[in-house]
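Take a look at the structure set out below.
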Amino acid sequence: MTDEKNPWEWSEAEWRGRVERVRAGRSYRPATWKNGARCAVALSFDVDHDTNELRDGGKSIGAMSRGQYGNRQGVPRIMSLLKRHNIPASFYVPAVSALLYPDETRSFAAEGHEVAIHGWIHERNSVLPEDVERDLQMRSADTLEKISGVRPVGIRTPSWDFSQSTLEITRDMGLLYDSSLMADVDCHELLLDGVETGIIELPVEWIRDDAVYFNMARFAALRPYTPPEAVFDIFRREFEAAYEEGGLFQLTMHPHVSGYRSRIWILEQLIELIRDRKDVWFGTHAEIAAYAKANAV
Ligand SMILES: [Zn+2]
């Protein structure tokens with residue numbers, strides 16, 4: 001088995017095959033965005049709540065109280081902010097979160113936001129057998145459709161963890177897009193073993209994710225922690241450069257990470273700063289992926 005060889009002993013076919021399993025293909029970058037906008041802004045919220053603890057096989061009451069905070073405090077703060085500014089966003093909801101808080105999931109759709117796939121219980125795709133991953137991804141879509149009333153067209157894999165089979169499953173499900181990979185700043189097509197899939201990637205990055213700056217190891221003395229002002233500054237620079245380039249600004253946040261009194265202002269000030277530029281289009285990930293696919297130059 002080639003797998004048992006050391007990496008420096010692999011044949012070219014082995015290392016090249018690994019790299020090319022899933023790859024960024026042609027760019028889908030429109031000359032202008034909807035209504036002639038210079039820049040597109042895609043805000044997203046991963047509604048993990050209690051599933052981060054459950055996924056690890058845990059039953060920590062404390063960890064799940066923080067998950068419940070996401071539902072009781074985080075989501076309402078985010079929803080009122082989006083409503084005040086009349087901005088659509090994408091909510092990636094693990095099926096178990098939707099089953100725990102069905103009214104919340106329904107409210108996302110009712111207020112004009114996108115509800116999209118984020119795994120069953122925030123499982124790690126790369127450790128699952130292919131048939132199990134396929135079953136969970138399909139059941140997640142069915143569960144979200146049943147609760148929200150809308151069939152999801154996109155997926156963000158939990159923890160952006162991509163297995164060797166994920167893209168194949170996504171393609172077989174006929175989804176429009178994925179938003180879990182990092183090969184670009186603009187929308188592009190994903191290739192599977194070098195073959196076009198028609199799936200649009202709306203790329204993410206840890207740089208544009210609140211969790212990496214604010215999460216901590218509960219039982220370590222060290223608290224790696226970026227001040228909210230610094231997080232705002234990073235997000236602002238990411239947006240301003242996207243605006244200058246006429247590209248896409250995509251952001252990932254979590255209700256149980258950013259929905260706090262001392263942090264929610266980051267999103268508010270960011271929205272105000274973006275709103276000051278008149279030629280920006282706020283769309284859901286599904287709207288932006290569809291627009292990019294239809295209008296690429
Ligand atoms: Zn998540």
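What distance in nm separates the simple spin-label points at Tyr69 and Trp206, each placed 7 Å from Cα in the Cβ direction?
2.3 nm
Hull surface divided by four, with the convex hull built on the Cα atoms of region 195-297: how many nm²?
Its Cα hull, projected and averaged over all orientations, spans 9.0 nm².
Is there a quick way to get the dipole size of region 111-241? I mean about its Cα centre, with the Cβ of Lys and Arg at +1 and of Asp and Glu at -1; what is the value in debye to the nearest 20?
580 debye
Given a cut-off of under 8 Å on Cα pairs at least six residues apart, what relative contact order in percent is computed for the chain?
Reported relative contact order: 30 percent.
For the pair Asp172 and Arg106, how long in nm is the line joining their label points, each one 7 Å along Cα→Cβ?
According to this spin-label approximation, the distance is 3.3 nm.
Which is farthest toward the positive dipole end of region 124-170 among Thr157, Ile147, Leu136, measuring Cα position about the Cα centre, with Cβ charges +1 (Lys, Arg) and -1 (Asp, Glu)?
Ile147
Which far-off residues, 5 or more places away or on another chain, put their amide H under 5 Å from the one on Phe249, with H placed in the peptide plane?
Ala40, Val41, Ala42
Return the sequence-ordered ³J(HN,Hα) values of region 235-252 in whole Hz as given by the Karplus equation 6.51 cos²θ - 1.76 cosθ + 1.60 applied to θ = phi - 60°, using x for Gly and Pro.
Karplus-based 3J(HN,Hα) across region 235-252 equals 4, 4, 5, 4, 5, 4, 5, 4, 5, 4, 7, x, x, 10, 10, 10, 9, 10 Hz.
Could you give the size of the charge dipole of the chain about its Cα centre, using +1 on the Cβ of each K and R and -1 on the Cβ of each D and E, expressed in debye and rounded to the nearest 20?
Computed charge dipole of the chain: roughly 1100 debye.
Over the Cα atoms of region 1-146, Rg to Rh with Kirkwood Rh, two decimal places?
In region 1-146, Rg relative to Rh is 1.08.
Which percent, to the nearest 5, of DSSP beta bridges fully inside the chain are antiparallel?
Among the beta bridges of the chain, antiparallel pairing accounts for roughly 30 percent.
Any lysines with Cα under 25 Å of the Lys83 Cα? List them, leaving off those in the same chain fewer than 8 positions away.
List returned: Lys34, Lys146, Lys278.
Taking the Cα centre of region 197-297 as origin, work out the dipole magnitude from +1 charges on Lys and Arg Cβ and -1 charges on Asp and Glu Cβ, in debye rounded to 20.
380 debye
Amide H neighbours of Tyr92 under 5 Å, at least 5 residues apart or on other chains, H built in the peptide plane: list them.
Phe45, Asp46, Val47, Ala116
Per-residue counts of other Cβ atoms within 10 Å, averaged by peptide: what ranking do you get for 141-151, 41-51, highest first?
Peptide ranking by packing, descending: 41-51, 141-151.
Tell me the mean residue ellipticity at 222 nm calculated for the chain from its helices only (DSSP H runs of n ≥ 4, each -39500 (n - 2.57), averaged over every residue, nearest 500).
-12500 deg cm²/dmol
Mind ranking 29-35, 57-63 by how tightly packed they are, going by the mean number of other C-beta atoms within 10 angstrom, highest first?
Top of the packing list down: 29-35, 57-63.
Could you report the chain's accessible area per residue, 1.4 Å probe, as an integer in Å²?
46 Å²
Determine the share of the chain's accessible area contributed by carbon and sulfur atoms, expressed in whole percent, with a 1.4 angstrom probe.
Carbon plus sulfur share of accessible area: 52 percent.
Using Cα pairs under 8 angstrom and six or more residues apart, how large is the relative contact order of region 74-151, in percent?
Contact order relative to length: 34 percent.
Could you go through region 198-205 in sequence order and give the Karplus-derived ³J(HN,Hα) for each residue, using 6.51 cos²θ - 1.76 cosθ + 1.60 with θ = phi - 60°, rounded to whole Hz, and x for Gly and Pro?
x, 7, 8, 9, 10, x, 10, 6
In region 89-123, whose amide N lies under 18 Å from the spot 7 Å out along Cα-to-Cβ of Ala217? List them in ranges.
The answer is none.
Name the residue from Tyr291, Ile117, Ile234 whose Cα lies farthest towards the positive end of the charge dipole of the chain, charges +1 on Cβ of Lys and Arg and -1 on Cβ of Asp and Glu.
Ile234
Considering the options Trp206, Leu222, Gly246, tell which one lies farthest towards the positive end of the dipole of region 202-257, charges being +1 on Lys and Arg and -1 on Asp and Glu at the Cβ, about the Cα centre.
Leu222
Which cross-chain or sequence-distant (5 or more) residues have an amide H under 5 Å from the amide H of Ile199, H modelled 1.01 Å from N in plane?
Leu190
Calculate one ³J(HN,Hα) per residue across region 160-176 by plugging θ = phi - 60° into the Karplus curve 6.51 cos²θ - 1.76 cosθ + 1.60, and present them in order as whole Hz with x for glycine and proline.
6, 8, 10, 8, 5, 9, 4, 5, 4, 5, 4, 5, 5, 7, x, 6, 6
Cα extents of the chain along the three principal axes, largest first, in whole Å?
Here the spans come out as 56, 50, 42 Å, largest first.
What shape does region 44-116 take by its C-alpha gyration tensor, where a ≥ b ≥ c are the square roots of the eigenvalues and a/c under 1.5 counts as rounded, a/b above b/c as prolate, and the rest as oblate?
prolate
The values are calculated or read from the model by the stated rules, or taken from the named source; none is laboratory data. Keep in mind it's a predicted model, so treat the numbers as computed, not measured. Every residue, glycine among them, receives a Cβ derived from its backbone with ideal geometry; neighbour counts consider all protein chains shown. SASA here: full protein model, heavy atoms, side chains in, ligands and nucleic acids out. Shrake-Rupley method; radii C 1.70, N 1.55, O 1.52, S 1.80 Å.
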